[in-house]
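Scroll down for the structure; my scribbles are underneath it.
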């Protein structure tokens, strides 16, 4: 699949799956009283600001995904010898750091941040779309799932799955880095 087709397909999937999630949420809890989204539970957003916020975030992620797909860039260090932990820190922050710094520091430039968002969050949203679509189909069409469904289950699946998606991306980049720096 070429870059343009993949970009369109993934962008469309993210939009449609997020839209289906919003539609299903509205049908299930029109007043958002049963909604587990932190934008609702912590920030206490109602439908209008929630939809506006989600649309802004969607547009930003798609813009970042576009940049990551269609522009030439290199987030990897030029120096040899980085271990995986320092490599992850460098790719995310822009200077040699341990991977743990990705949990409390931001990248050193908005361009780096946008490229990370485009590469990682777009993948995580594809996964989130699969999880939320499956969840709503199970809620609406089965009895057994309703008994086990809860926010902790869904958020655990999302967090663990996103962790592995990000790890896989960083491992692929680390392999490229090792191939490139070992051939120089």
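The values are calculated or read from the model by the stated rules, or taken from the named source; none is laboratory data. Just so it is clear, the model here is predicted, and its values are computed rather than measured. Glycine gets a Cβ as well: all are built from the backbone with ideal geometry, and neighbour counts include every protein chain shown.
Points worth noting:
- Filtered residues of region 107-138 (kept if more than 26 Å from residue 9 (Cα to Cα) and either in contact (Cβ under 8 Å) with a residue 40 or more places away in the chain or surrounded by 14 or more Cβ atoms within 10 Å (Cβ to Cβ) (or both)): 107
- Residue list for region 1-21, restricted to those being under 19 Å from residue 129 (Cβ atoms) and either surrounded by 15 or more Cβ atoms within 10 Å (Cβ to Cβ) or in contact (Cβ under 8 Å) with a residue 60 or more places away in the chain (or both): 6, 7, 10, 11, 13, 14, 15, 16, 17, 18, 20, 21
- Conditions (1) farther than 29 Å from residue 15 by Cα; (2) at pLDDT below 95: number failed by residue 90: (2)
- Unmet requirement for residue 70, which otherwise passes all of (1) surrounded by fewer than 16 Cβ atoms within 10 Å (Cβ to Cβ); (2) modelled with pLDDT under 95; (3) closer than 30 Å to residue 179 by Cβ: (2)
- Count of residues meeting criterion [within 21 Å of residue 8 (Cβ to Cβ) and either touching a residue at least 60 places away in the same chain (Cβ under 8 Å) or in contact with a strand residue (DSSP E or B) (Cβ under 9 Å, 6 or more places away or on another chain) (or both)] in region 71-87: 0
- Region 47-70, residues that are closer than 19 Å to residue 9 by Cβ and touching a residue at least 24 places away in the same chain (Cβ under 8 Å): 58, 61, 62, 63, 64, 65, 66, 67, 68, 69, 70
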